[in-house]
Amino acid sequence: MNRLIQYMLPYKRTMLAVVLSILVVTATGLLAPWLVRAIVLIIETGAEDASQTLTLIAVGLVAIYIGRSTAEAAVFHYSHVVAFKTCRDLRDAVYTHLQRLSPGWFAARKSGDITTRVIDDTLKLEPVIADAVYGFVVSMILAFGILIILLFLSPILTILALLPLPIAVFIMVKIGRKAIPSFDNEANREGDLSALVQDHVSGIREIQIFNQEERTRRRFLRKSDFLARRQIRSRTLIAPFDPAVEGAIGVSTALVVLIGGRMALAGEILVADLVAFILYIVTLYQPLYSIVGATEALQRGLSSLKRVNDLLDTAPAVAEPEHPQLLPHPDRPEISFDAVSFRYHDNQPVLRDLSLTIAPGETLAVIGPTGAGKSTLAQLVARFYDVDEGRITLNGVDLRDLPLSVLRRQISMVLQDVFLFHGTIRDNIRFGRENADDAAIWDAARAAGADDFINALSGGYDTMVGERGIRLSGGQKQRISIARALLKKAPILILDEATSAVDTETEAAIQDNLDQLLAGRTAIVIAHRLSTIRRADRIAVLENGRITQLGAHDDIAQQTGTYARLLTAQGTAAE
Ligand SMILES: Nc1ncnc2c1ncn2[C@@H]1O[C@H](COP(=O)(O)OP(=O)(O)OP(=O)(O)O)[C@@H](O)[C@H]1O
Ligand SMILES: [Mg+2]
């Protein structure tokens, strides 16, 4: 709740407008029964100018109702203004925070659930701010005002009228306690369902080819049904709210009629006061009633707020340094692994006590069996994760002491799973250098061997790719991703199986271009194809999280070991 208030604070002035309008609404609400009392008084006492006063009162009533509805419209408008703006700011904060979280955090979560938190959960706070918060404020002021008037009219009757109140409040609190976890549960189920849909949409081809429509539909329906049951259950839980309030109003009114009526008969209280009293009772419980209305939104809202808070309170696993250091010689990067051990979660260590130095300008090829930890090694250099033991340094500075933006400015990377954004090919290539001109984009595409196929597309560089765009082949995507990395022109280049889906001929052409581009840059090239690897300055064989062989092709090809075996297996030993 504190966080919500914190995000509402910038809209103090609009909120002030809401509060002022609320005061008008409540004042007019208090005035109306008072005028009715005046009418009864006039009729009872039969003053001379009674009819004239009645006309005045009628005019007054019209004014009150016009004033009241105008103020209500203002409250409605401005409270939603505050609410939607607050939600937008909160949503921005969630999104901004998401970007600071490490890839490991995302890997452990369903993207559908994350989306739900950014969009649905922040939006569910809108009615809380607009209706619930406002409802509570009005209710409190109104209830307080009425109480004073009631006490003025008759202290005894006031006590009678308030008797059922504690019981009603007790019931409401009890129900609320049960309802909150139920609404929590509901919000989580919604996240689940949206994650499931996202999963099935992404895997629609797998579903169709394996004929699994029926089974996936059943899983969807089961979750959807589960959500509906949760939603119904939450509503069932809060259903007794209404009767509790209505019952309390009924009992209150009955008590007042019973005792107050007798008092009026005995002349101990004016009829006008009794009438006004009964009218005020309904108004007294009215706030309670609007609290009830606001409660549902509030419960839902609190659950959503909890989910949003959880996310905002997640500290990024990869944190910015407290005392950032300067990077010496940024254009001559030397990467050094110093007794590095790393594991994902509590699994087996992926890298064990690994030490390795890549000299400035050197190209190091990393090979090894699948699952050996090659991609992990590359991602550690980009600090997607932090090492558990040892350290990785760039020109002698621990990566953890460099501002993340400084480190990443040094690195161009082609990831093993290529991702293209929804947008044109041009936009995707210049993703890392927004202001790159066409000539630079074409150069990068040519070097990546992508120019020919892009020009063959009817839309050329303006072809839409990514989600809802045309589907590119795996090799085409890889080449766009290489062009994207090359255009960034960073001093460190990391290629993780960047050409694995490209045919050997195209790969050789890309390699020729790369050789020139790699000159002067420090590069890590992960590949399976030996033809790609043997051009590197040195080759590291990674097995079981350790480097088992390291050296130039000519040197380690002679050693008996994994590299020699791979050469034989790929039939290039004779070359
Ligand atoms: N995000 C992750 N969470 C948990 N474990 C992971 C994660 N990424 C990789 N691993 C595990 O770490 C190990 C090394 O994976 P890595 O991707 O580095 O291997 P690789 O050498 O690149 O393999 P490949 O040649 O198939 O690309 C594997 O056992 C893998 O299951
Ligand atoms: Mg890999």
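The values are calculated or read from the model by the stated rules, or taken from the named source; none is laboratory data. In this text the structure is predicted, and so the values were computed from the model without any measurement. Ideal geometry is used to build each Cβ from the backbone, glycine not excepted, and the neighbour counts take in all protein chains shown. These area figures cover heavy atoms from the full protein model, side chains too; ligands, DNA and RNA do not enter into them. Shrake-Rupley method; radii C 1.70, N 1.55, O 1.52, S 1.80 Å.
Details
- Asp199 meets each of the listed conditions (1) over 30 Å from Lys223 (Cβ atoms); (2) open to solvent by 60 Å² or more (accessible area, probe 1.4 Å); (3) touching a Gly at 6+ places or on another chain (Cβ under 9 Å) apart from (1).
The rows are residues; the columns are (1) away from ligand 2 (no atom under 16 Å from the Cβ); (2) within 26 Å of Ala564 (Cβ to Cβ).
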| position | (1), (2) |
| --- | --- |
| Ile494 | no, no |
| Thr506 | yes, no |
| Gln516 | yes, no |
| Ala536 | yes, yes |
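- Scope the stretch 199-244; condition aromatic (Phe, Trp, Tyr), out of contact with any Lys or Arg (no Cβ under 9 Å at 6 or more places or on another chain) and under 19 Å from Gly112 (Cβ atoms); matching residues: Phe220
- Taking the numbered list (1) in a helix (DSSP H, G or I); (2) more than 56 Å from the chain's Cα centre (by Cα) in turn, Glu48 passes all entries but (1).
- Every pair of residues 6+ apart whose Cβ atoms lie under 6 Å, when the first sits in the stretch 219-236 and is in contact (Cβ under 8 Å) with a residue 60 or more places away in the chain and closer than 10 Å to Phe183 by Cβ while the second is β-branched (Val, Ile, Thr) and open to solvent by 70 Å² or more (accessible area, probe 1.4 Å): none
- Restricting attention to the stretch 521-575, the residues being open to solvent by 10 Å² or more (accessible area, probe 1.4 Å), closer than 20 Å to Thr376 by Cα and touching a Lys or Arg at 6+ places or on another chain (Cβ under 8 Å) number 3.
- Some residue of the stretch 321-343 being modelled with pLDDT under 95, out of contact with any Gly (no Cβ under 8 Å at 6 or more places or on another chain) and within 16 Å of ligand 1 (Cβ to nearest atom): yes
- Selection within the stretch 344-387 - farther than 27 Å from Leu514 by Cβ and within 8 Å of ligand 1 (Cβ to nearest atom): Tyr344, His345, Asn347, Gln348, Val350
- Residues being within 15 Å of ligand 1 (Cβ to nearest atom) and not charged (D, E, K, R) - total across the stretch 479-497: 2
- Members of the stretch 376-412 that are part of a loop (DSSP other than H, G, I, E, B) and away from ligand 2 (no atom under 16 Å from the Cβ): Arg383, Asp386, Val387, Asp388, Asn395, Gly396, Leu402, Pro403, Gln410
- The single condition among (1) assigned by TED's automatic domain parsing to the domain that holds Arg117; (2) within 16 Å of ligand 2 (Cβ to nearest atom) that Arg307 does not satisfy is (2).
- Close pairs from the stretch 403-420: first in contact (Cβ under 8 Å) with a residue 24 or more places away in the chain, partner within 16 Å of ligand 2 (Cβ to nearest atom) and hydroxyl-bearing (Ser, Thr, Tyr), Cβ under 6 Å, at least 6 apart: Val414/Ser481; Gln416/Ser375; Val418/Ser481
- Of residues in the stretch 94-131 being in contact (Cβ under 8 Å) with a residue 24 or more places away in the chain and within 16 Å of ligand 2 (Cβ to nearest atom), the one surrounded by the most Cβ atoms within 10 Å (Cβ to Cβ): Gly104
- Once the stretch 331-375 is narrowed to residues that are within 14 Å of ligand 2 (Cβ to nearest atom) and part of a loop (DSSP other than H, G, I, E, B), the residue that is surrounded by the fewest Cβ atoms within 10 Å (Cβ to Cβ) is Thr370.
- Subset of the stretch 433-451 (residues that are assigned to a helix (DSSP H, G or I) and closer than 20 Å to Val414 by Cα): Ala440, Ile441, Trp442, Asp443, Ala444, Ala445, Arg446, Ala447, Asp451
- Residue in the stretch 319-327 that is assigned by TED's automatic domain parsing to the domain that holds Ala501, surrounded by fewer than 20 Cβ atoms within 10 Å (Cβ to Cβ) and more than 16 Å from ligand 2 (Cβ to nearest atom) present: no
- The one condition in (1) at negative phi; (2) more than 26 Å from the chain's Cα centre (by Cα) that Leu227 fails to fulfil: (2)
- Complete set of residues in the stretch 146-169 that are surrounded by fewer than 19 Cβ atoms within 10 Å (Cβ to Cβ) and either under 28 Å from the mean Cα position of the chain (by Cα) or not aliphatic (A, V, I, L, M) (or both): Phe152, Pro155, Pro166
- Subset of the stretch 170-181 [crowded, with 19+ Cβ neighbours inside 10 Å and within 18 Å of Ser304 (Cβ to Cβ)]: Ala179
- Candidates Leu487, Leu472, filtered to the one that is in a loop (DSSP other than H, G, I, E, B) and open to solvent by less than 30 Å² (accessible area, probe 1.4 Å): Leu472
- Some residue of the stretch 255-273 being within 28 Å of Arg300 (Cα to Cα) and crowded, with 19+ Cβ neighbours inside 10 Å: no
- Top-ranked residue of the stretch 527-543 - restricted to ones that are of a type in the set (A, V, I, L, M) and part of a loop (DSSP other than H, G, I, E, B), ranked as nearest to Leu415 (Cα to Cα): Ala527
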